Amino acid sequence: MTTIRTTRGARWLALLLLGAFVLATPGGAWLGRPADAQPKEFKVGVALSVSGIFSRDAALFKEVYDLWAETVNKAGGIRVKGTGYPVRITYYDDESSPQKSAQLVERLATSDKVDLLLAGFGSSVAFAATAVAEKYKYPYISGAASANPLFERGYKYFFATLNKTFDEVEGAAKVWALVSPKPTRAAVIGSDHLFGKLAAEGFKKFLGEMGIEVVHFEIFPLDLADYNSLLLKVKRQNPDLLLVGGLFSHALRVMKATKEVDFSPKGMAFSYGPTVPEFLKEFGKDAEGVIAASEWLPSFPFKDPVFGSAAQFNETVVQKYGHPADYVQAAAAGGLVAQQKAIETLGLVPPLGEKEREALMEQLHKQEVQTLYGQVKFAADGGIVQKPPIAVQIQNGKFALVYPKDVSGTQAGTLIYPLAPWRSR
């Protein structure tokens, strides 16, 4: 069950309608029970970017959170000592604002008194929200926050299932060492956002280590309106490669601008964006050959008791939402499974107080759990014990592993290089 909180009037109307609906159903009699007879449930809260610049990225998180709640509740709830406790998620819209996310996390902790917090989307949101989660002692496990500074604050309640940003983009940079002749010139651009800037710096670092000259490096404003002028500047430098740090909306606009200004680099790579299902829908054949940083594929041989195998998880997402699972969805699912396993191991039942949440944090730090995303083991700083950074390429409308040569038995395919000019696609 999920709840989306809006205005006070809308909440009263929703409650009135919900009450009328439940009373009209055969199971509605439970509303007349005394308060102490109400079935216990885990109250779960999340401040998520339902609107704003990160909304399309965050929509993927809502899908997997809803899928988790549905899957767990169909199985009778989170089972603790033989008893099942259902989960109910309350959503608040942080409007893609880190400051609002922090305010809403505080509301969830102090007013709603939720038992568990789920993470919002993105490093900038997580940077603000985790300060509040740390204050009120709520574990905050993110499947889409990887900026290195997040792990340098000494926090105990922040956890992440993605690699840190520099590690995350390593594969999408080093993949170019596999082509012959090796590219010699590259342009790197990134959005003025915590993750975007760090991803761009990571690309620049790895290219330098490989002896590829960065002939243009630029951090562009988050609200940049004229991408064509930016890409014209890049085009004039005649780089072999274009590497882009940013999120989905930035990847969309960079791709559109490169086509509009007829800039056809031999290779293109993004820190994030192409793996979001709408990217392929938007560009179709034009997306062929684009490289993306990633950390998971449905072909990987991982599984868990909640979602099943990686392939089953992907198929469920396809059937329910009409698109393949993105790797950040798998990363979020891995965090959900890890937290659920910790609850079951400790025998925690709702409501959870500060003492129970502290025990949950300690268990998350020491346990190692197999999930559909792979092995989830957190280091002392909350970062995942490093997963292999991978690069995938869009080939025939699907994502193919192209770096490294082998990941958990999945063999890398042949890299498409150079890309065809725009006019030939």
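The values are calculated or read from the model by the stated rules, or taken from the named source; none is laboratory data. Values in this document were obtained by computation on a predicted structure and should not be read as measured data. Methodologically, a virtual Cβ is constructed for each residue, glycine included, from the backbone with ideal geometry; neighbour enumeration extends over all protein chains shown.
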Members of the range 317-338 that are surrounded by fewer than 24 Cβ atoms within 10 Å (Cβ to Cβ), in contact with a strand residue (DSSP E or B) (Cβ under 9 Å, 6 or more places away or on another chain) and either under 28 Å from A359 (Cβ atoms) or of a type in the set (D, E, K, R) (or both): V337
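A quick yes/no check of all residues on (1) in contact (Cβ under 8 Å) with a residue 40 or more places away in the chain; (2) assigned by TED's automatic domain parsing to the domain that holds Y136:
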{"residue": "P350", "(1), (2)": "yes, yes"}
{"residue": "K355", "(1), (2)": "no, yes"}
{"residue": "E358", "(1), (2)": "yes, yes"}
{"residue": "Y417", "(1), (2)": "yes, no"}
Filter result (aliphatic (A, V, I, L, M) and over 16 Å from S271 (Cβ atoms)) within the range 175-230: A177, L178, V179, M210, I212, V215, L224, A225, L230
Find the strands (runs of 3 or more DSSP E) located wholly in the range 59-163 whose residues include 3 or more that are in the same structural domain as K43 (by TED's automatic domain parsing) and not small (G, A, S), and list them. 78-80, 87-93
When you go through P221, P181 one by one, which is the residue that is under 19 Å from V125 (Cα atoms) and without any contact (Cβ under 8 Å) to a residue 60 or more places away in the chain? P221
Inside the range 182-195, can you point out the residues that are touching a Phe, Trp or Tyr at 6+ places or on another chain (Cβ under 9 Å) and either under 22 Å from P149 (Cα atoms) or not assigned by TED's automatic domain parsing to the domain that holds P265 (or both)? V188, I189, G190, S191, D192, L194, F195
Among strands (runs of 3 or more DSSP E) entirely inside the range 338-407, those with 2 or more residues being within 16 Å of I141 (Cα to Cα), of a type outside the set (K, R) and modelled with pLDDT of 95 or more are 368-371, 374-377
Checking the conditions here, which among K341, K355 is surrounded by fewer than 24 Cβ atoms within 10 Å (Cβ to Cβ) and in contact with a helix residue (DSSP H, G or I) (Cβ under 9 Å, 6 or more places away or on another chain)? K341
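I need the full set of residues from the range 259-287 which are part of a helix (DSSP H, G or I) and not hydrophobic (A, V, I, L, M, F, W, C), in order please. It would help to see each step written out before you state the result.
As a first pass, look at the range 259-287 and keep what is part of a helix (DSSP H, G or I): 259-260, 277-287.
Hits for the range 259-287 are K259, E260, P277, E278, K281, E282, G284, K285, D286.
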Assess whether V317 counts as being aliphatic (A, V, I, L, M), more than 19 Å from D192 (Cβ to Cβ) and touching a Leu at 6+ places or on another chain (Cβ under 8 Å). yes
Which members of the range 254-281 meet the condition of being of a type outside the set (G, A, S) and under 15 Å from H323 (Cβ atoms)? P274, T275, V276, P277, E278, F279, L280, K281
The residue from G45, G27 that alone is more than 30 Å from L252 (Cα to Cα) and either assigned to a loop (DSSP other than H, G, I, E, B) or modelled with pLDDT of 95 or more (or both) is G45
